[in-house]
Ligand SMILES: *Cc1c(COP(=O)(O)O)cnc(C)c1O
């Protein structure tokens, strides 16, 4: 390695010493309740596969059929020659599912934020952002060149203080919150955020990546959960979590979507989702619209698991969703816990700084509709054994 890159080694050593080095495991099986990880069969508590759609037979078939009919790649950005009738159909179906006028699909939830934020605000404007918002919101905000102001996590009083003090100094103002905060599993008080922003002529945007397919009637998301249809200006979503595929979307009124067709840079300068991805997303919408069964099972599983964990004495933090953080404190303890879980047959990843604050390391358990009750019971038993052995439980 050249001298000019020697610093990387020093940085990597620093991460290892601090117990913050991220060891990435390799899967040798489809997503589901059980996985083959590094050659070992383990119970999966890590994925965002909330509804078990990532390997659902209907999605798999839709993707195969689409390959037969359309091939694979879009071979262009959407604005030049990469929009197939499939993409148009997905955009329309996403809008219908969300109960909004229009939607636009993008390559990922991450790029959806990079697409929409800089299209709505610029140098003369302000973004008021929850301090725990997702990295892609932070990056999209930085790209926009707008002044970034933060408010304390889910603190509507603090949001109002920032609006009161700062709104008049800027041309436009965009208030952004995650819908469900992915590390703690708490839900943003979007109804109260709406009430406040309404008084200050601010655009309201929610990134519902962990709420779609989870919150609201049949998984229609946080806007449906709070009955805020027509009140939230921009909904960003992902097709990579509950939808079980990959992709992102922005939903709202027709003018916003028309504007994104003209100005969103990841739409104009990066190729579209592939045909099998789009077809699988359409099949996911079919499954969600036909029945609430998977969403209901997800919540039943989540409530059961959380109640049992709390009963044993684990601290599961502030979560009110299927995201179940098991709070452990030090990153080194979380990493050791994760290793011992794995040895006992449970795949549960440790999450530490910088993904969460220092001293707030945890195992984040992701519950899914794909889990059977026996799977959850087996996981609970192993958590109990490891928790006692490491002195987390008495
Ligand atoms: C996961 C996530 C994203 C990124 O979604 P991808 O489709 O995986 O790129 C964006 N925003 C939030 C809030 C997320 O949790």
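A short reminder: the numbers here are calculations on the coordinates, not readings from a lab. Computed from a prediction, not measured in an experiment: that's the story for all the values here. Glycine gets a Cβ as well: all are built from the backbone with ideal geometry, and neighbour counts include every protein chain shown.
I'd like to compare 41-50, 118-127: which one has the highest average count of other Cβ atoms within 10 Å, and what's the full order after that?
Working: 41-50: 22.0, 118-127: 19.1.
Going from most to least packed, we get 41-50, 118-127.
Express the relative contact order of the chain as a whole percentage, based on alpha carbon pairs under 8 Å and six or more residues apart in sequence.
Dividing the mean separation by the residue count of the chain yields 22 percent.
In whole Å, what is the distance between the alpha-carbon centres of the stretch 308-386 and the stretch 23-39?
Result: 17 Å between the Cα centres.
Going highest first, how would you order 307-317, 193-203 by mean Cβ packing within 10 Å? Each step should come with its number before you reach the end.
Details: 307-317: 15.3, 193-203: 17.5.
Highest mean packing first, the order is 193-203, 307-317.
Output needed: percent of Cα pairs per 10 Å distance bin for the chain, bins running from 0 to the one holding the longest distance.
5, 22, 30, 27, 15, 2, 0
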